[in-house]
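Worksheet: one structure, shown below.
The values are calculated or read from the model by the stated rules, or taken from the named source; none is laboratory data. Since the model is a prediction, treat every value here as computed from it, not as a measurement. So basically every Cβ, Gly included, is an ideal-geometry build from the backbone, and we count neighbours across all protein chains shown. Accessible surface areas use protein heavy atoms only, side chains included; no ligands, DNA or RNA. Shrake-Rupley method; radii C 1.70, N 1.55, O 1.52, S 1.80 Å.
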Amino acid sequence: MNIKEVVTTLESFAPLPLQESYDNAGLQIGLTATEVSGVLLCLDVTEKVILEAETMGCNLIVSHHPLLFKGLKCISDASLPERCVALALKKNIAIYSVHTNLDNADGGVNFEIARRLGLRCVRFMIPNAQEGGSGLIGELPEMMEPMDFLQMIRREFHVECLMHNELLNRPVQRVSLCGGAGAFLLEEAVRQKADAFLTGEMHYHMYMGLEQRIQIAVLGHYQSEQYTKELLSGILSEAYPDMKIVISKTNTNPICYLYK
């Protein structure tokens, strides 16, 4: 199959009109008529990821975060996007990104988070007219004490550090969530009477003023979206069972953590 066929499959699951206005999902580099030797799945495109794709015999990279958010005025070695564009062209590797359209799709990134939390009766917090929406809200199978809920998130997402506000003095059952930078949905979570709100990153002052109204839990942007690669693998494997699909082993999280 060629790149156009793979793109069509991805866009059937996560149509481009679902992306946010600021986003730049879609084909980043490459010719759609090119035959696909293999697909490497990643969160971010870096030089290491491009070289990993070459090593694995993959001429198509499908990333979650777009390599190109803004237009480039030149291709040099001055920035990471410029270097990656030059390297991808040199190695004849195409790059396609499926970002907020996958976040907002039915069955997309947020649904994967909800599935791993065991949420039931899941629905979009803010549905749109295109069979998608922003954020999710659902119910835990049974009530949990706030600390037990936070510890469950730590275990399920394998994070050593989970940021949260003060513990609620009541159990948690109704959970709202948005992977990545989902802080814009915090007030909506409160409005919809969620007991807890889980996201990837949030500003300092947003933790204040909602004490005992909602349990806030912040995983980290990378950590909240880490299973996106497996989600993409499932979509493509079902459509192309014989195609080489490789999940990148390169850790592209730009944030380092000092624990001791």
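Quick notes
- Only the Cβ atoms of Lys and Arg (+1) and of Asp and Glu (-1) were treated as charged; on that basis the dipole of the chain about its Cα centre amounts to roughly 260 debye.
- 19 Å Cα cut-off, lysine pairs counted over the chain (separation 8 or more, or different chains): 9
- Solvent exposure of the stretch 188-260 as accessible area per residue, Å², 1.4 Å probe: 55
- Convex hull (Cα only) mean projected area of the stretch 148-260, reported in nm² to one decimal: 9.1
- Structure-derived mean projected area of the Cα convex hull in nm² - corresponding label in (1) 12.6; (2) 15.1; (3) 14.5: (2)
- Per residue accessible area in Å² of the stretch 1-64, where ligands, DNA and RNA are left out and the probe is 1.4 Å: 43
- Residue-normalised accessible area of the stretch 83-133, expressed per residue, 1.4 Å probe, Å²: 43
- For the stretch 1-155, DSSP calls about 55 percent of its internal beta bridges antiparallel.
- Each of V36, C58, P17 was scored by the projection of its Cα onto the charge dipole of the stretch 1-141, and the greatest displacement toward the positive side belongs to C58; charges sit on the C-beta of Lys, Arg, Asp and Glu.
- D by Stokes-Einstein for the stretch 24-139, Kirkwood Rh over Cα pairs, 25 °C, 0.890 mPa s: 157 µm²/s.
- In sequence order, calculated HN-Hα J values of the stretch 170-187 (Karplus, 6.51, -1.76, 1.60; Hz; x Gly/Pro): 9, x, 10, 9, 8, 10, 10, 7, 7, x, x, 8, x, 4, 5, 9, 4, 4
- Selected from L210, L72, L43 as most flexible by GNM, with the chain as the system and alpha-carbon contacts under 10 Å: L72
- Counted over the chain, the DSSP beta bridges are approximately 45% antiparallel.
- Cα centroid of the stretch 11-31 to Cα centroid of the stretch 121-187, whole Å: 26
- Temperature 25 °C, viscosity 0.890 mPa s: under these conditions the Stokes-Einstein estimate for the stretch 70-190, based on its Kirkwood radius over C-alpha pairs, is 143 µm² per second.
- Here the accessible area is traced with a 1.4 Å probe on the protein chains. For the stretch 97-208, carbon and sulfur cover 53 percent of it.
- Cβ-placed point charges (K, R +1; D, E -1), dipole of the stretch 28-182 about Cα centre in debye, nearest 20: 200
- Whole-percent carbon and sulfur share, accessible surface of the stretch 1-95, 1.4 Å: 56
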